Each structure stands twice: as structure tokens, then as C-alpha cells.
Amino acid sequence: MIREKRQTPFFKKKLEPIEVKVPKKISELLAEMAKTGFQGRKLGELVEVWEEMLKDDVVIFFGFAGSMSTTGQWKIVNWLIEHHFIDVIVSTGANISEDILEAMGGTYWQGHHMVDDHQLLEYKIDRFYDVFADELEYRQMESLIANFMKKLSPNRKYSSAEFLYLFGKELSQMGIKSIVATAYENKVPVFCPAIVDSGYGIAYLLNRKLESNFDITVDQMRDFEQLVDIKAKAAPESGVVYIGGGVPKDFIQLTTVGRSLTESRKYERTYPHKYAIQITTDAPHWGGLSGCTFEEAISWGKEAKEGRNVQCYCDATIALPIIVHALAEKVDKRAKVPDLSWLFKGLE
């Protein structure tokens with residue numbers, strides 16, 4: 001038996017083993033995991049920090065990278081929008097186009113990662129690791145986007161948030177309950193800083209092929225200006241939730257630098273995010289932004305030293321459904337939701 005516990009500056013919080021008990025809520029299990037170690041602990045801490053954000057007066061940015069919609073995650077994002085657990089979305093083009101295929105009535109199929117891909121090509125089947133998609137349904141989704149583009153003014157420079165707001169309106173009216181449609185209905189801006197890198201780019205080329213004088217402009221510089229405006233005007237503080245990394249993560253991170261320029265061009269003050277959580281499989285030692293630690297981001301003024309910063313190195317298809325279900329059990333209603341409807345004034 002251990003007779004006496006030593007006192008040191010490092011022994012502050014006890015680790016507590018998990019007891020198996022049935023029934024047990026997901027939120028209860030994650031609360032217990034937060035008292036353990038390794039990535040299980042980080043997963044539990046993600047829930048704690050996101051819950052803190054929801055109880056604070058902050059604007060919550062949601063970075064959504066990769067091709068998560070093909071794995072069945074997009075309806076989770078719809079739920080987050082509808083319950084105001086996120087305020088602003090910055091997404092890859094894949095996540096906000098490939099969800100439309102399923103919302104239109106198309107299907108993603110469970111496949112296998114060990115398969116003859118040349119044979120899939122002959123059958124016009126696209127593979128996302130172990131998920132299969134019908135290329136012919138994919139083309140129908142791209143045609144839907146192309147048809148919408150024809151309705152836009154060639155004389156206006158749209159930010160991607162404006163473009164996607166109008167597209168969301170059209171999809172909502174058609175009963176296609178995709179991410180951008182749900183965002184439109186809840187006045188949640190959706191930015192896509194690399195929108196051409198997806199079915200949206202193909203849709204543009206489809207129209208150019210049919211009509212040589214077809215043209216629209218999506219102004220990515222305006223994107224950044226609007227995103228910084230949200231950071232400056234929406235709430236006293238900001239929090240960030242990153243699913244993956246990539247362009248969405250850095251685009252949101254840079255708002256802290258851009259915010260300083262709204263008052264002075266001398267970068268005299270920084271406006272770091274008060275809360276930051278990330279689910280990623282990227283590692284920091286490769287030097288890329290996706291795996292970059294929040295400690296490194298402190299050097300840029302992007303995260304606050306005294307802030308609540310938690311990263312969990314885990315596959316998002318594992319972590320996201322678990323933590324959102326835990327939040328659903330713990331939080332009935334968000335106290336303060338920032339009103340961002342001003343961003344779209346005069347657009348319709």
C-alpha cells in the first residue's frame with residue numbers, strides 16, 4: 001500500500017479510471033474520458049470547450065475541410081446550424097457540393113478501399129477511400145449548380161458567402177436540404193475560399209462550354225474582407241471549431257491578423273480567438289498549417305495564451321458524431337446567438 005502521496009507542483013489533477021456502467025450517456029462517457037489520458041482525454045476536453053463557447057458571448061467559426069459529406073457527416077452540420085452551435089462556416093468546395101448529391105436523392109455506397117479502380121472507371125463509379133459514388137449522379141449535381149449560375153448577374157462581384165447564400169435560397173425553395181440551404185434558412189454565412197476546387201469549378205466550365213459569353217465573378221478578396229468584418233463586429237470575442245485543417249483553418253486564423261488592420265496598419269494589437277478546438281489527423285512536425293499546434297499559433301496572435309485551446313488527433317468521422325451527440329445531451333439552447341443578417345442586406 002502507498003503510505004503517503006508526494007506533494008509537487010505537477011500533481012494537480014487526479015487521473016480517474018473509467019468504470020463500465022450501463023446505461024451511460026455519451027456525454028457522461030466523454031466527461032469521464034476527459035479525466036483520463038492521450039487522445040481520449042482530448043476528445044472529452046473538446047466537448048467541454050465547445051460547451052463553454054456556447055455559454056459565452058462569442059461568434060463561433062466552423063472550419064470544415066476535406067470531403068466529409070460523402071461519409072455521412074453533412075446532416076450533423078445541418079443540425080449544428082439549426083441549433084446555432086456554429087455561426088459562420090468556412091468550407092472546402094467538396095463538403096458543400098457533395099452533400100447536394102445526396103440531398104437531391106442520390107446515394108453514396110459503402111465500398112472497399114481494396115478494389116480494381118480501373119474497373120470502377122469503366123462502370124463510372126467514383127471512389128472516396130471506401131465510399132462509392134455514381135459519376136452520373138455526380139454530373140447531375142454539377143448540372144444543378146451550373147443552372148443556378150446562369151441566373152446570376154455577370155456585372156456583380158459576389159463574395160463566396162453571397163454566392164452561396166443565393167444558391168442556398170434556391171436549394172431551399174427546391175426542397176433540397178443541403179448545408180447551404182440550411183445555412184440560408186438560418187442566416188448562417190458560408191464561405192468557400194477555394195470554391196473552384198470542386199464541382200463548382202466544373203459547373204462554371206460547363207456553362208462556358210455551352211455559352212462562350214457566360215461569366216460570373218466570385219471575389220475571394222471580398223471573402224476575406226467580409227470574414228474579418230464578422231470577426232470585428234459580431235461579438236466581443238470569437239471561438240473556432242476546426243474539422244480538419246487546410247484552407248478553411250488558415251482562412252479563419254487570419255481573421256485575427258486582419259482584424260488588427262481595421263483599427264491600425266501597424267499591427268499594434270492582436271485579436272486572438274478566445275477558444276479553439278480542432279479534430280485532425282495531421283501532425284505538427286511536417287510544418288503544415290493543418291497540423292500546426294495552437295501553441296505555434298499563439299506566436300502569430302491567432303490564439304490566446306490564456307484561452308481554451310484543445311486539439312484532438314483523431315479521424316473526424318469518429319470524433320465529430322460522438323462530440324456532437326454529447327453536446328446535444330448537455331446543451332438545450334444557446335443563450336446568445338450573434339445576428340449576422342447584416343452581411344446579406346440588399347442582396348435579394
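The values are calculated or read from the model by the stated rules, or taken from the named source; none is laboratory data. It should be emphasised that the depicted structure is a prediction, and the values quoted were computed from it without experimental measurement. Positions of Cβ are backbone-derived with ideal geometry, glycine not excepted, and every protein chain shown enters the neighbour counts. Side chains included, ligands, DNA and RNA excluded: accessible areas come from the protein's heavy atoms. Shrake-Rupley method; radii C 1.70, N 1.55, O 1.52, S 1.80 Å.
Some notes on this structure:
- Check on Ile323, β-branched (Val, Ile, Thr), touching an Asp or Glu at 6+ places or on another chain (Cβ under 9 Å), modelled with pLDDT of 95 or more and not in a loop (DSSP other than H, G, I, E, B): no
- When the residues of region 329-346 are filtered to those that are open to solvent by 20 Å² or more (accessible area, probe 1.4 Å), within 30 Å of Asn155 (Cα to Cα) and assigned to a loop (DSSP other than H, G, I, E, B), the one that is modelled with the lowest pLDDT is Gly346.
- Failed criterion for Lys249 (all others in (1) in a helix (DSSP H, G or I); (2) farther than 21 Å from Ile86 by Cα hold): (2)
- The residues of region 149-175 that are of a type in the set (A, V, I, L, M, F, W, C) and open to solvent by 10 Å² or more (accessible area, probe 1.4 Å), listed by number, are Leu152, Leu166, Met174.
- Within region 271-289, the set of residues being in contact with a Phe, Trp or Tyr (Cβ under 9 Å, 6 or more places away or on another chain) and of a type in the set (Ser, Thr, Tyr) comprises Tyr275, Thr280, Thr281.
- Hey, Tyr271 touching a helix residue (DSSP H, G or I) at 6+ places or on another chain (Cβ under 9 Å), among the hydroxyl-bearing types (Ser, Thr, Tyr) and closer than 23 Å to Ser27 by Cα or not: no
- If you go through region 235-260 and keep only what is in contact with a Lys or Arg (Cβ under 6 Å, 6 or more places away or on another chain) and over 17 Å from Val49 (Cα atoms), you end up with Gln253, Thr255, Thr256, Arg259, Ser260.
- Residue count for region 268-320 under the criterion of being outside any helix (DSSP H, G or I) and among the aromatic types (Phe, Trp, Tyr): the result is 4.
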